[in-house]
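For reference, the structure is listed below as structure tokens.
The values are calculated or read from the model by the stated rules, or taken from the named source; none is laboratory data. If you're wondering where the values come from, they're calculated on a predicted model, not measured in any experiment. Note: ideal-geometry Cβ built from the backbone for every residue, glycine included; neighbour counts use all protein chains shown. Side chains included, ligands, DNA and RNA excluded: accessible areas come from the protein's heavy atoms. Shrake-Rupley method; radii C 1.70, N 1.55, O 1.52, S 1.80 Å.
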Amino acid sequence: MKKILFIIAMFSSANVALADIESRAEAVASSVEGKHDYHAEMARELVSIAEEEKGQHEVSVANAFMSEAEKHASIAGEK
Amino acid sequence: MKKLILLTVCTSLASCAGHLPSTQKSELSGLHSAIQKIKGSGGEQCAPSELAKAEAKELHAAHEIDEHGGYNMSEADELIASGMKAVKAAEAKCAKSKPVPVVKPKPVPVAKPKRGYTDAEVIDLKGINFDSNKATLTASSKDTLNSAVKILKARPSIKVEVAAHTDSGGKASYNEYLSGLRANTVKDYLISHGIDASRVSAKGYGEAYPIADNKTRAGKAKNRRVELIVK
């Protein structure tokens, strides 16, 4: 029983992490919408990589790329 | 049989050698240098999309190399190749957007105008005469001046300078003084006939800018003149 609960917990935490990446990707996409400077483009590219890594269930790698995407998105359009 | 096994091992090692991390790191380093070079020459402005793509590919390739540690590197190879392609695209785009240096033509030496006042449009008021040694307009001058008034009314955007000239008879200082008086007489006439004072100025040039030979009567007559210089 414990094993089953552990497996369910693992799956649910993985799903939460994946959903989190999706929502962060949407947030980045929306913040750079209509912007076409270097940082906006960089944010888009990094989100794309994060999503690709997410698809391969590389959650930690996806998170790392998403963090970089968010940094660029925060700078995008400031200049 | 031993020879066959040895050959197989050698072939495998040779094929692996092309994918060793050191080779890839060198390729990655090449991509990094290319990106930095284009960044340094304003790539962020002239090719933001292409540069971002190249840089993202570089980061992704670096991750793949670290992750796989030298094995199964085809993905990293593809990413590096794709990054280099994006760099080339960025270079091409930036080269296009660079302004072509304009070669300025050498200035053509312009001869100083004989009249001494630029090559502006000049309205020659032929037929304006003054009493000898005076600034009083003769009756026959009125027709010419009325024509000038018509011209100025038809062209309300222009401003003019009344430029009066004399021949070389008499003292230059007197001629300058007299031409100044005559220029002002014409100016007053124009203003009194409806031309706004802000559009008209007057200047006497004396004998300084002849247009004909002052040794002949005909030449002197030509030199005694009044013109409107469009400003």
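Of the helices (runs of 4 or more DSSP H) that lie entirely inside chain A, those containing 3 or more residues that are over 13 Å from the mean Cα position of the chain (by Cα) and modelled with pLDDT under 85 span A:2-31.
Selection within the range A:28-51: residues that are open to solvent by 60 Å² or more (accessible area, probe 1.4 Å) and more than 8 Å from chain B (Cβ to nearest Cβ). The member of this set that is nearest to B:P48 (Cα to Cα) is A:K35. Evaluation of B:I158 against the conditions (1) more than 22 Å from B:K231 (Cα to Cα); (2) part of a loop (DSSP other than H, G, I, E, B) shows that the sole unmet condition is (1).
Applying the selection to the range B:162-193, what residues are under 20 Å from B:T144 (Cα atoms) and of a type outside the set (A, V, I, L, M, F, W, C)? Listed by number, the residues that qualify are B:H165, B:T166, B:S179, B:G180, B:R182, B:N184, B:T185, B:K187, B:D188, B:Y189, B:S192, B:H193. Only residues that are without any contact (Cβ under 8 Å) to a residue 24 or more places away in the chain and among the aliphatic types (A, V, I, L, M): list them for the range B:171-203, please. Hits for the range B:171-203 are B:I191, B:A197. When the range B:199-231 is filtered for residues that are part of a helix (DSSP H, G or I) and either among the aliphatic types (A, V, I, L, M) or open to solvent by 80 Å² or more (accessible area, probe 1.4 Å) (or both), the ones remaining, listed by number, are B:R217, B:A218, B:A221, B:K222.
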